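The values are calculated or read from the model by the stated rules, or taken from the named source; none is laboratory data. All values derive from a computational prediction rather than experimental measurement. Using ideal geometry, Cβ is built from the backbone for each residue, glycine included, and neighbour counts are taken over all protein chains shown.
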Amino acid sequence: MRHAFNIHNSLGRFLDESLYQNELCECCLRSGIDVRREVEIRVFHGEFKKSYFIDLLVEDSFIYELKAAVNLNASHERQLIHYLLLTGLSHGKLLNFRPRSLESQFVSTRLSHGERTAFQFSDESSRDQASPIDRLKETLCALLGDWGTFLEISLYREALLFLMADETDPLRNIDISVDGRIIGSQKMCMLSSDSAWHLSATKHHHRSHETHIRRLLSHTHLKSIHWINFNNHQVTLRTLEK
């Protein structure tokens, strides 16, 4: 932290994030602190693979994520928790060099992989669409059994799109209409020609979230949207129909 404060005082607050990262890594190495930058985290499931890169890994036990943003926000914290869970580490810190005074936030988690895979799956899906919905449920449960819950929702969405793909791209443009007029199109995760799926991590205001999914559905040609919601250890699959 002393090096971070010195860098902020010396270089100011208007550099790019990568420059702060380079300089902080160099200062730490010169003072005998073991630091590696841009450390790759590889995530796998079946044929799906994705890489993330940690800004600074200190002594193989502590993650520093550097920002040059107006303010630190919840998305920055979620990103760091995501990295901690993927690496099995417990502690990290966010450093933001853009404000007039260096901003920092300590982030920690004690969730183990075993705790994250002890999820409860609630199936409230429609029973009259056996084939496509069964495949979605099977793929989702296999993914959760491997990775557990609590990771960034975008990772699950990307993995499901990849794993559910066949000859056609499951992410397709769907026309949105109002009073018979097509006002544009929206990319949606398709399960079949007349059904889509929607992924969320809503912990509160579930009724409001459902209301807005139904509004979206009502302006498409689709018959249903299968809503997957992550709420900590609880994962729910519901079918919303016209």
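So that you can scan it fast, the table gives a plain yes or no per residue for (1) within 19 Å of the chain's Cα centre (by Cα); (2) at pLDDT 95 or above:
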| residue | (1), (2) |
| --- | --- |
| R135 | no, no |
| L143 | yes, yes |
| D146 | yes, yes |
| M164 | yes, no |
| T168 | no, no |
| N173 | no, yes |
| V178 | no, yes |
| I183 | no, yes |
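May I ask you to list the residues in the range 177-205 that are hydroxyl-bearing (S, T, Y) and either free of Cβ contacts under 8 Å to residues at least 24 places away in the same chain or touching an Asp or Glu at 6+ places or on another chain (Cβ under 7 Å) (or both)?
Listed by number, the residues that qualify are S185, S193.
Is it true that some residue in the range 161-175 is assigned to a helix (DSSP H, G or I), outside the structural domain of V35 (by TED's automatic domain parsing), out of contact with any Pro (no Cβ under 6 Å at 6 or more places or on another chain) and under 27 Å from L216 (Cα atoms)?
Scanning the range 161-175 turns up at least one residue that is assigned to a helix (DSSP H, G or I), outside the structural domain of V35 (by TED's automatic domain parsing), out of contact with any Pro (no Cβ under 6 Å at 6 or more places or on another chain) and under 27 Å from L216 (Cα atoms).
The requirement of being surrounded by 13 or more Cβ atoms within 10 Å (Cβ to Cβ) and either within 22 Å of the chain's Cα centre (by Cα) or under 30 Å from F162 (Cα atoms) (or both) is not satisfied by I7.
Only one of the numbered conditions (1) aliphatic (A, V, I, L, M); (2) at pLDDT 95 or above; (3) exposed (fewer than 14 other Cβ atoms within 10 Å of the Cβ) is not met by A130, and that is (2).
Got a sec? Which of Y52, Y20 is assigned by TED's automatic domain parsing to the domain that holds T87, aromatic (F, W, Y) and not in a helix (DSSP H, G or I)?
Y52
Hey, does the range 17-30 have a residue that's touching a Ser or Thr at 6+ places or on another chain (Cβ under 9 Å) and without any contact (Cβ under 8 Å) to a residue 60 or more places away in the chain?
From the range 17-30, those touching a Ser or Thr at 6+ places or on another chain (Cβ under 9 Å) are 23; that's our starting set.
If we keep only those that are without any contact (Cβ under 8 Å) to a residue 60 or more places away in the chain too, we end up with 23.
Yes, the conditions are met somewhere in the range 17-30.
Could you tell me which residue of the range 60-98 is farthest from the chain's Cα centre (by Cα), considering only residues that are closer than 18 Å to R110 by Cα and basic (K, R)? Here the answer is K93. Here D60 meets the list (1) at negative phi; (2) assigned to a loop (DSSP other than H, G, I, E, B) almost entirely, failing just condition (1). For the range 208-242, filtering for residues that are at pLDDT 95 or above and loosely packed, with under 13 Cβ neighbours inside 10 Å leaves 6.
Can you confirm whether E158 is assigned by TED's automatic domain parsing to the domain that holds V70, surrounded by 13 or more Cβ atoms within 10 Å (Cβ to Cβ) and of a type in the set (D, E)? Give the steps one after another, and end with the answer.
Numbers: assigned by TED's automatic domain parsing to the domain that holds V70: no; surrounded by 13 or more Cβ atoms within 10 Å (Cβ to Cβ): yes; of a type in the set (D, E): yes.
When the stated conditions are applied, E158 does not pass them.
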